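To keep things clear, I will list the structure first and then write my remarks on it.
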Amino acid sequence: MTIEAKEKEKDSIYKPFIATIKGIKELSSTEKQFDIQIDDKETREAFNFKPGQFVELTVFGLGEAPFSIPSSPNNKDYFELCIRNVGNVSGALHKMKEGDKVGIRGPFGKGHFPYEEMKDNNVVIVAGGLGMAPVRSLIKYVLENRDDYKRVIIIYGSINPDYLLYKDELEEWQKRDDVEVRLTVDEPCEGWQGEVGVCTNLIPGIDCPVDESYVVVCGPPVMYKFVIKELEKKCFKPEKVFLSLERRMECGVGKCNHCHIGDKMTCVDGPVFSLWEIRNLKEAI
Amino acid sequence: MQYKILKKNKYQDFVKGLIEDYNFIGPTKKDKSVHDFVPLNSIEELDTNYLKTTIPPAKKILFPPNEKLIEYEIGDEIKVKPVIESSETVLFGINAWDINGMNFLDKFFSKDFVDENYWDKRDKLTVIGMDTEPTENNFALSMDTEYATDGFDLYLHDLGDRYFVRVNTPKGNELVEKYVDFDDASENDFKDFDKYMDDYRAQFSNKVNIKSFYDNFEMIYNDEEFWKKIAKNCFSCGSCNLVCPTCFCFNVKDDLKLDLKTGEKTREWDSCMIPEYGLVAGGHNFRPNKENRLKQRYRCKLKTYFDKFGQYACVGCGRCIEACLAKINIAEDINSVKKEVNV
């Protein structure tokens, strides 16, 4: 082993690499999109993530927080993050501007959306609120490889139309005849064309054969219990239903233990779990 | 494993040599009932005949309560440097269950991602074990941790007039050859050692029924009444975590210094028993009540890592029983699970 190689091995799993905010876009009154480019070219090229994985982002002087990656894995130059202004790190991020530097570790999570296995199947996406962020990466990937998949159904619910994320893309997807988009809000505004109510209400209407369908779910903690109940009524196969879970994380590398669910850690074993796994994880939902 | 004999009259010279040459950490008397592992400069300070230490020695050295992970400098660019500090150290007089606790941490800090902050110190640690008398709360015998088969370089068992020495590594063998003459263990020495271990094991009076816990725990997992009773008095203070030789939870802090240009990330021990443990940004708490937190602690200690490593994350040292202000007793609770199932 060369000295260089040995030094590299001693690199700390807690050391972030430096990245630059290349673009900022407002997605709603509480969410912003950040385009993040890793400064070092070699590191950037080696940064290959899978839909459903996440990064740990550092705002120096404030701390680190986990964020899932909503952009397509095919975009190699930079990746996007969708961040709600809700905590210390996200609050500080919302005050940052283009050109500012952040720290990035990752991508993390062995449990990602099984986009390879999903091929030749129908793909049903059920997202609530900010839950659109992790699943958007999968939607992007599936649409970029559209011929590999059968029907694509997107069910997306939010409090009101303003809180819907990626509105321009939703519109674009609605126009396509190879994507079925069903939007629902709790509080409609005037002229609202979609459904009214929680996204759970739209699950009974899913009309694709369960043997050839994968379902992907992401939303606020309260949503899962009800969505799962409806999916079970439709007899979707638990090994083909995938849920992305949120937990407190301090490290992202399976050491700090805060994200434990039963015998699994959300950061290394998840954050995406199959419904079959979740049934065996007490307190997951 | 090699087996040697160290005569009592050579013991002092052996230890003096180690103290002279190494950063030497051993047990010393703090007050009437408690010892602590600290760096020692003379053999007079060393007292291996201890009953209790509050903070587990190996955890304290390898995974300190506060540890700098990263230093950074903010300028036109941001420079980030990992901080991995260690020095050759001899840990002398650690007992078998604490060695087994360290063996657990060894596995844990290698799983999925290798934690160099832990391993750099671990690689430079020479471990010399010695048996100590178990307290009345110690249930190491039930947890199979009263004897160490790995994780040490030398292990000295006190047979009265001589030490029966197990040499586990080349590093241990170097020490055997360095200071004083050790003899090869004879058949008689082995026989005396076997008798010694029988007598030693007989000193462990606290027994738990751990074998049946694995499945029984799942059966009563949803029995709210049972867990409310168990966790009724818990203050959610986290004392049990701090004294545990295998607890590894931590928080990471990021602090800018007053110059506003340099800063550091440090990790500090956290506790899975405190209410904020499962709190995320936005205010949702994934484990808001103390019954659930205690249940998860027992799962982590007694199930999760038995699946992953074939080793419990509890060595039965009894420290948490002694530290708990609410008198929550993990040994009694393990046995209560069995009783509850058999009702």
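The values are calculated or read from the model by the stated rules, or taken from the named source; none is laboratory data. Just so it is clear, the structure is predicted and the values come from calculations on it, not from any experiment. Please note: Cβ atoms are built from the backbone with ideal geometry, for glycine as well, and neighbour counts cover all protein chains shown. Surface accessibility is based on the protein's heavy atoms, side chains included, excluding ligands, DNA and RNA. Shrake-Rupley method; radii C 1.70, N 1.55, O 1.52, S 1.80 Å.
With the requirement that a residue be assigned to a loop (DSSP other than H, G, I, E, B) and either free of Cβ contacts under 8 Å to residues at least 12 places away in the same chain or open to solvent by 30 Å² or more (accessible area, probe 1.4 Å) (or both), what does region B:312-323 give you? Please lay out each step first, then the result.
Just the residues of region B:312-323 that are assigned to a loop (DSSP other than H, G, I, E, B), to begin with: B:312-318.
If the condition is that a residue be assigned to a loop (DSSP other than H, G, I, E, B) and either free of Cβ contacts under 8 Å to residues at least 12 places away in the same chain or open to solvent by 30 Å² or more (accessible area, probe 1.4 Å) (or both), then B:TYR312 is the only one that fits.
Taking the criterion of being within 14 Å of chain B (Cβ to nearest Cβ), more than 23 Å from A:ARG248 (Cβ to Cβ) and open to solvent by 10 Å² or more (accessible area, probe 1.4 Å), would at least one residue in region A:75-95 satisfy it?
No; the residues of region A:75-95 include none that is within 14 Å of chain B (Cβ to nearest Cβ), more than 23 Å from A:ARG248 (Cβ to Cβ) and open to solvent by 10 Å² or more (accessible area, probe 1.4 Å).
Mind telling me which of the residues A:PRO204, A:PRO209 ends up being closer than 22 Å to A:MET118 by Cβ and open to solvent by 50 Å² or more (accessible area, probe 1.4 Å)? Walk me through how you get there before you give the answer.
Working: A:PRO204 fails: closer than 22 Å to A:MET118 by Cβ.
None of the others qualify; the one that does is A:PRO209.
Would you mind listing the helices (runs of 4 or more DSSP H) fully within region B:199-264 where at least 2 residues are under 30 Å from B:VAL343 (Cβ atoms)? Step through it out loud before you land on a result.
Details: elements: B:213-219, B:224-231, B:239-242.
Per the criteria, B:213-219, B:224-231.
Report yes if some residue within region A:61-70 is touching a residue at least 60 places away in the same chain (Cβ under 8 Å), open to solvent by less than 10 Å² (accessible area, probe 1.4 Å) and not assigned by TED's automatic domain parsing to the domain that holds A:VAL210; otherwise report no.
yes
If you check every pair at least six apart or on different chains, which have Cβ atoms under 6 Å apart with a residue in region A:243-259 that is on the phi > 0 side of the Ramachandran plot and of a type outside the set (D, E, K, R) first and a residue that is assigned to a loop (DSSP other than H, G, I, E, B) and open to solvent by less than 20 Å² (accessible area, probe 1.4 Å) second?
Once the first residue is on the phi > 0 side of the Ramachandran plot and of a type outside the set (D, E, K, R) and sits in region A:243-259, its partners that are assigned to a loop (DSSP other than H, G, I, E, B) and open to solvent by less than 20 Å² (accessible area, probe 1.4 Å) give A:ASN257/B:CYS249.
Please find, within region A:258-281, the residue that is surrounded by the fewest Cβ atoms within 10 Å (Cβ to Cβ) out of those that are in contact with a strand residue (DSSP E or B) (Cβ under 9 Å, 6 or more places away or on another chain) and part of a helix (DSSP H, G or I).
So the residue we want is A:TRP276.
Name the residues in region B:254-288 that are over 23 Å from B:LEU325 (Cα atoms) and more than 7 Å from every other protein chain (Cβ to nearest Cβ), would you?
Passing the criteria: B:ASP255, B:LYS257, B:LEU258, B:ASP259, B:LEU260, B:LYS261, B:THR262, B:GLU264, B:THR266, B:ARG267, B:GLY283, B:ASN285.
Does at least one position in region B:282-302 carry a residue that is in contact with a Phe, Trp or Tyr (Cβ under 8 Å, 6 or more places away or on another chain), modelled with pLDDT of 95 or more, within 27 Å of B:ASN95 (Cβ to Cβ) and open to solvent by 50 Å² or more (accessible area, probe 1.4 Å)?
No, region B:282-302 contains no residue that is in contact with a Phe, Trp or Tyr (Cβ under 8 Å, 6 or more places away or on another chain), modelled with pLDDT of 95 or more, within 27 Å of B:ASN95 (Cβ to Cβ) and open to solvent by 50 Å² or more (accessible area, probe 1.4 Å).
Okay, residues lined up against (1) touching a strand residue (DSSP E or B) at 6+ places or on another chain (Cβ under 9 Å); (2) in a loop (DSSP other than H, G, I, E, B); (3) of a type in the set (Phe, Trp, Tyr):
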position	(1), (2), (3)
A:SER71	yes, yes, no
A:ASN74	no, yes, no
A:CYS82	yes, no, no
A:SER90	yes, no, no
A:GLY99	yes, yes, no
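Just to be sure before I move on: is A:PHE54 modelled with pLDDT of 95 or more and within 12 Å of another protein chain (Cβ to nearest Cβ) in the structure I sent?
On the way: modelled with pLDDT of 95 or more: yes; within 12 Å of another protein chain (Cβ to nearest Cβ): no.
It is false that A:PHE54 is modelled with pLDDT of 95 or more and within 12 Å of another protein chain (Cβ to nearest Cβ).
Which residue is farthest from the other protein chains (Cβ to nearest Cβ), if the candidates are limited to region B:235-253 and must be open to solvent by less than 40 Å² (accessible area, probe 1.4 Å) and more than 22 Å from B:ASN138 (Cβ to Cβ)? First the steps, then the outcome.
Applying the first criterion (open to solvent by less than 40 Å² (accessible area, probe 1.4 Å)) to region B:235-253 yields B:236, B:238-241, B:243-252.
After this cut, where a residue has to be more than 22 Å from B:ASN138 (Cβ to Cβ) as well, the list is B:236, B:249-252.
Values: B:SER236: 15, B:CYS249: 4, B:PHE250: 5, B:ASN251: 5, B:VAL252: 5 Å.
Per the stated criteria, the residue is B:SER236.
So which residues in region B:271-281 are without any contact (Cβ under 8 Å) to a residue 24 or more places away in the chain and either outside the structural domain of B:CYS320 (by TED's automatic domain parsing) or open to solvent by 40 Å² or more (accessible area, probe 1.4 Å) (or both)?
Matches in region B:271-281: B:GLU276, B:LEU279, B:ALA281.
Cβ contacts < 7 Å: first residue crowded, with 17+ Cβ neighbours inside 10 Å, restricted to region B:147-166; second residue assigned to a loop (DSSP other than H, G, I, E, B) and of a type in the set (Gly, Ala, Ser), any location; separation 6+ or different chain. Result?
Cβ pairs passing all conditions: B:TYR155/B:ALA148; B:PHE164/B:ALA185.
If you take the residues in region B:77-88 that are at the interface with chain A (Cβ under 10 Å from one of its Cβ atoms) and surrounded by fewer than 16 Cβ atoms within 10 Å (Cβ to Cβ), which one is nearest to B:LYS121 (Cα to Cα)? Full working, then the answer.
We begin by selecting, within region B:77-88, every residue at the interface with chain A (Cβ under 10 Å from one of its Cβ atoms); these are B:77-84.
Subsequent filtering for residues that are surrounded by fewer than 16 Cβ atoms within 10 Å (Cβ to Cβ) retains B:77, B:79, B:81.
Values: B:GLU77: 31, B:LYS79: 25, B:LYS81: 18 Å.
Only one residue tops the list, namely B:LYS81.
Tell me which residues, restricted to region B:89-132, are small (Gly, Ala, Ser) and assigned to a helix (DSSP H, G or I). Write out each step before concluding.
Narrowing region B:89-132 to residues small (Gly, Ala, Ser): B:93, B:96, B:101, B:110, B:129.
Correct list: B:ALA96, B:GLY101.
Between a residue in region A:75-96 that is of a type in the set (Ser, Thr, Tyr) and any residue that is modelled with pLDDT of 95 or more and surrounded by fewer than 17 Cβ atoms within 10 Å (Cβ to Cβ), which pairs come within a Cβ distance under 6 Å, given they are 6 or more apart or on different chains?
Note: pairs meeting the criteria are A:TYR78/A:LYS22; A:TYR78/A:GLN37.
Tell me, please, whether a residue that is over 21 Å from B:ASP120 (Cα atoms), in the same structural domain as B:PHE193 (by TED's automatic domain parsing) and touching a Lys or Arg at 6+ places or on another chain (Cβ under 8 Å) can be found in region B:19-33. Lay out the reasoning, then the answer.
Taking region B:19-33 first, the residues over 21 Å from B:ASP120 (Cα atoms) are B:19-20, B:27-33.
With the extra rule that they be in the same structural domain as B:PHE193 (by TED's automatic domain parsing), the set shrinks to B:19-20, B:27-33.
If we keep only those that are touching a Lys or Arg at 6+ places or on another chain (Cβ under 8 Å) too, we end up with B:33.
The answer is yes, given that some residue of region B:19-33 is over 21 Å from B:ASP120 (Cα atoms), in the same structural domain as B:PHE193 (by TED's automatic domain parsing) and touching a Lys or Arg at 6+ places or on another chain (Cβ under 8 Å).
How many of the residues making up region B:55-69 are within 24 Å of B:ILE321 (Cβ to Cβ) and open to solvent by 40 Å² or more (accessible area, probe 1.4 Å)?
Residues meeting the conditions: 3.
Yes or no: B:ASP333 within 12 Å of chain A (Cβ to nearest Cβ), open to solvent by 10 Å² or more (accessible area, probe 1.4 Å) and not in a loop (DSSP other than H, G, I, E, B)?
No: the conditions fail for B:ASP333.
Go through (1) in contact (Cβ under 8 Å) with a residue 24 or more places away in the chain; (2) surrounded by fewer than 19 Cβ atoms within 10 Å (Cβ to Cβ); (3) in a loop (DSSP other than H, G, I, E, B) and name the single condition A:GLU116 misses.
(1)
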